[in-house]
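Enquirer: Just passing along the structure, written as structure tokens.
The values are calculated or read from the model by the stated rules, or taken from the named source; none is laboratory data. Quick caveat: nothing in here was measured; it's all calculated off a predicted structure. All Cβ positions, even for glycine, are placed from backbone atoms using ideal geometry, and neighbour counts span all protein chains on display. Protein only, heavy atoms only, side chains kept; ligands, DNA and RNA dropped before computing areas. Shrake-Rupley method; radii C 1.70, N 1.55, O 1.52, S 1.80 Å.
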Amino acid sequence: MPISGFPEWLPPQRIIEQQVLDKIRSTFELYGYSSLETRAVEPLDTLLSKGETSKEVYLLRRLQEDDPSAKQDDQLGLHFDLTVPFARFVTENNGKLQFPFKRYQIQKVWRGERPQEGRYREFLQADIDVVNRDTLPFHFDTEMPLVIGDVFKSLPIPDATILVNNRKVCEGFYRGLGLEDTAQVLRTVDKLDKIGPEKVAAALVETAGATDAQAAACLALAEISSTDGSFADRVRALGVSDPLLDEGLGELLQVVETAAEHAPGLVRAELKIARGLDYYTGTVYETMLQGYERFGSITSGGRYDNLASVGNTRFPGVGISIGVSRLLGLLFGHDALAVSRSVPTCVVIALAAEDKRAESERIASALRRRGIATEVAPTAAKFGKQIQYADRRGIPFVWFPGEPDTVKDIRSGEQVEADAATWQPPAVDLHPNVSAR
RNA sequence: GUGGUCGUAGCUCAGCUGGUAGAGCACCGGGUUGUGGUCCCGGGGGUCGCGGGUUCAAGUCCCGUCGAUCACCCCA
């Protein structure tokens, strides 16, 4: 029986997932990120320390616990993202790490929310972060979208757009406007797509103490969107001035312009996005997959200047995380990915009779020694059945022992003489191929 | 966590106002004493998600529960 929110894939889907993970991993490493794995659990107060009290955290409990109601101090919870555990890890090991520290982490995370399509309670995230001691140069903020863009380019998936904003722009703008509760304004404006400008304006007046004019200005800011640097002029044209606003605009401009040079069309400044996690202090990212916009962001992250510290030393960071399970779940659900075979096997060695198994196994060994995934037919059934065994699984070759041996490409029907010591399948057939459907 | 919709063979679905289950595809076997994908013939497979209730009788009505999905919340 399935458990709600805990998806499990079938073998062909798992082949796709592993190849996707291989691409993600190799791309991360191309940019110099080191792999890290942290434990699944963190002390509850670590998980909740950054004000994420609304998070649905799964708790860990022993069956034989003496008194479940007592000892809440050292309560453990499953992590709900990879950034908070990473920040904890950095502070814990700061003496052994070299900064700036670039790491990637591909692990399961857990959130006790109501599942829907593309929303799970247990899911895989692929996360990169850069952390430095004291201050982190801003150019790392511009690197994040480039890494993600390269990952997506290497995968057979629809085009994606990375939406970028900067909290300093919003906070500076709101403050320059005379609104003090910038967090509340941000939360309200974030609902723009859902409830529309009229309701957002009304809510701003009601909950954030805005005047009609202030509310209108907030909406005007939220409407701004561009794939080049023109957004900055449009913001300035709104006539609000504030040092933080200027700083934010400069940063956002760098992200957009860097992306425009290295990956045209990938990034768009979108001044209405906010991102839920409230530890972000500057740049924020989210990603829309073309054709899947209604399922929300498949990648998100941002800059956090205050997440980690030891004594009075700060460890600011910036990171972004790919929602691997969401991405795959959506694509699987829409039958958008195909794989050339459902098993790793490249060659099936036919078996003429059960007492010839040793001979077939010798051929299989010879092929395996040279890296060709090979299995011997499970029974000495009629050759037609053995070919069918391969065909059902999408295995491209069937090998017939004989004098001489022959190998048949069952897609074309072509059968040629072959020597197990030298025969090589076409490179594309060595492993299952994942493609868009 | 709150509310709505849905849940019949592996898959897609049929089953009228309640009378104890069917099709196509898939699968297995045979025609084809041994190199498949066509065709023909035959076959297996369903506690109608699960539990309870109403009724002489429930796939069909009611309640609960689990699962899928949608909205809210939140977010990958």
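Enquirer: I need the shape label for the stretch A:194-317. Rule: rounded when a/c is under 1.5, else prolate if a/b > b/c, else oblate, with a, b, c from the alpha carbon gyration tensor.
Expert: Note, shape of the stretch A:194-317 comes out rounded.
Enquirer: Considering only C-alpha atoms, what is the centroid distance from the stretch A:341-414 to the stretch A:213-227, in Å?
Expert: A separation of 65 Å, based on Cα centres.
Enquirer: In addition: Could you look at the stretch A:139-179 and say what percent of its accessible area is carbon and sulfur, using a 1.4 Å probe and all protein chains?
Expert: 45
Enquirer: At 7 Å along the Cα-to-beta-carbon direction for both A:Ile3 and A:Val416, put a label point, then send me their distance in nm to one decimal.
Expert: Inter-label distance under the simple model: 5.2 nm.
Enquirer: Magnitude of the Cβ-charge dipole of the stretch A:347-436, K/R +1 and D/E -1, about the Cα centre, nearest 20 debye?
Expert: 320
Enquirer: Moving on. Could you report chain A's accessible area per residue, 1.4 Å probe, as an integer in Å²?
Expert: Dividing the accessible area of chain A by its residue count gives 49 Å².
Enquirer: Now, a different point. How are the Cα pair distances of the stretch A:347-436 distributed, in percent, across 10 Å bins from 0?
Expert: P(r) for the stretch A:347-436, in whole percents per bin: 17, 55, 25, 3, 0.
Enquirer: Could you check how much of the accessible area of the stretch A:291-437 is carbon and sulfur, as a whole percent, using a 1.4 Å probe?
Expert: Result for the stretch A:291-437: 49 percent of the exposed heavy-atom area is carbon or sulfur.
Enquirer: Quick one: which of A:Lys23/A:Lys194; A:Lys23/A:Lys191; A:Lys102/A:Lys168; A:Lys23/A:Lys385; A:Lys153/A:Lys385; A:Lys96/A:Lys272 span more than 30 angstrom between C-alpha atoms?
Expert: Over 30 Å Cα-Cα: A:Lys23/A:Lys194; A:Lys23/A:Lys191; A:Lys23/A:Lys385; A:Lys153/A:Lys385; A:Lys96/A:Lys272.
Enquirer: Next question, about the same structure. If amide H atoms are built 1.01 Å from N in the plane of the peptide, which residues on other chains or at least 5 residues away come under 5 Å of the amide H of A:Gln75?
Expert: A:Leu44
Enquirer: Using just the C-alpha positions of chain A as equal point scatterers, what log10 of I(q)/I(0) does the Debye formula give at each q in 0.07, 0.13 1/Å?
Expert: After summing over all Cα pairs, the log10 values are -0.47, -1.15.
Enquirer: What full-extension length gain, to one decimal in nm, is calculated for A:Lys96 and A:Gln290 as 0.36 nm per residue of separation minus the Cα-Cα distance?
Expert: 65.6 nm
Enquirer: Can you pull the one-decimal nm distance between simple spin-label points at A:Asp45 and A:Arg187, each 7 Å off the Cα toward Cβ?
Expert: 2.5
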